[in-house]
Every structure is written in C-alpha cells, then in structure tokens.
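A.B. asks: Once you've had a glance at the structure underneath, I'll fire off some questions.
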Amino acid sequence: MDATHICGICGALWIQWPDDSAGCPAGSWSLRSQKAGECCDNVAMGLQIIPLSEVDEFAAEVEIERAEAAAVLYADRIAQAERDARGNCGLCRHYRPDPEAGRRYFGEPNKDSGWCLNPAVPSGRADYPHADMLSGDWCQQFEARP
Ligand code: SF4
Ligand SMILES: [Zn+2]
C-alpha cells in the first residue's frame, strides 16, 4: 500500500492502515521509508504526521517539493497550536461574534467574524466602532471568558 502520511520533521513516509485486511490493526502505523527520525519512530503520532493528500495539494499549489511542503505545514501546525494555547478572539470575553464585521475583508458577511469590544484594542478605522477580528485571531490583550 502507498504511504498515507509524511513526517513534517524528518520527511519519513508512513502508512496508517485504514482497516485490518493487511494484517495490521486498523489505525496502526507502518513505516514506508527506509528509516525515520526520533521525531516519529516509536513516539506518539501528533502534529508532525500530516496526511499526504493535504501535503501534495499544498505542494502543487505553491510548486515546491513534498518534504518541503510538509515542513511548511508542520510549522503552520505548531504556530496554530501555540496560538490556540494562548487563546484566541473566539474564546475571549471581549469578542462579540457578528458576521457583518467580516464585510471589510470578505466583501460579504462572514460567519467567523466579530468585533473586539476591548477599548485597549482600537478599531483603526473611522467608520468602524470596534476592531473587526476573526474568531481565530489572537492578541496580547486576550482575556478568557469567565
Ligand atoms: S483582539 Fe484581543 S482583546 Fe479583542 S477579542 Fe481578540 S483576543 Fe480579545
Ligand atoms: Zn519524523
């Protein structure tokens, strides 16, 4: 069977078995490359293991090699995990969801948009009473909802 995943750190290719027809338990992993780094050999398969479908689509889009694309996506995943750990607008008590806030970026209402009602975060636009944010954005002023 062809590889299904790639490690974004060492570039090793892996198969995650969809079912047990090949004798491996469904969901288990087999190494498809000659070797793998400490990053994915006998450790938990986490953010470093990326579906090849995602990697190949991105690689084709920006015209780079598969391993390079995996490394870029891995860096994105780490950055996103850090942002998530820090908290984002959607989880902040200053955030008020409002699709209309998305008009400026999207040209139409957007379900992930809202306003930041924190006075310490200026709107930056005369015609906007509050800063328009996406629910996944974050800032230093983040305060978790009570
Ligand atoms: S911009 Fe900052 S203060 Fe405003 S909602 Fe987002 S995280 Fe909260
Ligand atoms: Zn690895």
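Residues are listed down the side, and each one gets a yes or a no for (1) at positive phi; (2) hydrophobic (A, V, I, L, M, F, W, C); (3) modelled with pLDDT of 95 or more:
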site: 49; (1), (2), (3): no, yes, yes
site: 52; (1), (2), (3): no, yes, yes
site: 70; (1), (2), (3): no, yes, yes
site: 99; (1), (2), (3): no, no, yes
site: 113; (1), (2), (3): no, no, yes
site: 118; (1), (2), (3): no, no, yes
site: 124; (1), (2), (3): yes, no, no
site: 136; (1), (2), (3): no, no, no
site: 144; (1), (2), (3): no, yes, no
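A.B. asks: Now for a separate question. Are any residues in segment 69-93 within 16 Å of ligand 2 (Cβ to nearest atom) and surrounded by 14 or more Cβ atoms within 10 Å (Cβ to Cβ), and if so, which ones?
C.D. replies: 69, 70, 71, 72, 73, 74, 77
A.B. asks: Going through segment 132-146 one residue at a time, which ones are loosely packed, with under 11 Cβ neighbours inside 10 Å and either within 9 Å of ligand 1 (Cβ to nearest atom) or under 15 Å from residue 98 (Cα atoms) (or both)?
C.D. replies: 140
A.B. asks: Restricting the search to segment 1-44, which residues are closer than 19 Å to residue 77 by Cα, within 12 Å of ligand 2 (Cβ to nearest atom) and crowded, with 17+ Cβ neighbours inside 10 Å?
C.D. replies: If the condition is that a residue be closer than 19 Å to residue 77 by Cα, within 12 Å of ligand 2 (Cβ to nearest atom) and crowded, with 17+ Cβ neighbours inside 10 Å, then 5, 6, 7, 8, 9, 10, 11, 12, 13, 14, 40 are the ones that fit.
A.B. asks: Report yes if some residue within segment 37-50 is in a strand (DSSP E or B) and touching a residue at least 12 places away in the same chain (Cβ under 8 Å); otherwise report no.
C.D. replies: Yes, segment 37-50 contains at least one residue that is in a strand (DSSP E or B) and touching a residue at least 12 places away in the same chain (Cβ under 8 Å).
A.B. asks: Among the residues of segment 131-140, write down those that are without any contact (Cβ under 8 Å) to a residue 24 or more places away in the chain and in contact with a strand residue (DSSP E or B) (Cβ under 7 Å, 6 or more places away or on another chain).
C.D. replies: Of everything in segment 131-140, just one residue is without any contact (Cβ under 8 Å) to a residue 24 or more places away in the chain and in contact with a strand residue (DSSP E or B) (Cβ under 7 Å, 6 or more places away or on another chain), namely 131.
A.B. asks: Could you list, in sequence order, all residues of segment 107-131 that are surrounded by 13 or more Cβ atoms within 10 Å (Cβ to Cβ) and farther than 25 Å from residue 81 by Cβ?
C.D. replies: Hits for segment 107-131 are 115, 117, 123, 128, 130.
A.B. asks: What pairs can you find where one residue is in segment 101-122 and closer than 24 Å to residue 144 by Cβ, the other is assigned to a helix (DSSP H, G or I) and within 13 Å of ligand 1 (Cβ to nearest atom), and their Cβ atoms are less than 6 Å apart, with a gap of 6+ or different chains?
C.D. replies: Qualifying pairs under 6 Å: 113/101; 114/101; 115/101.
The values are calculated or read from the model by the stated rules, or taken from the named source; none is laboratory data. Everything numeric here is computed off the predicted structure, so don't read it as measured data. Cβ: placed from backbone, ideal geometry, glycine included. Neighbour counts: every protein chain shown.
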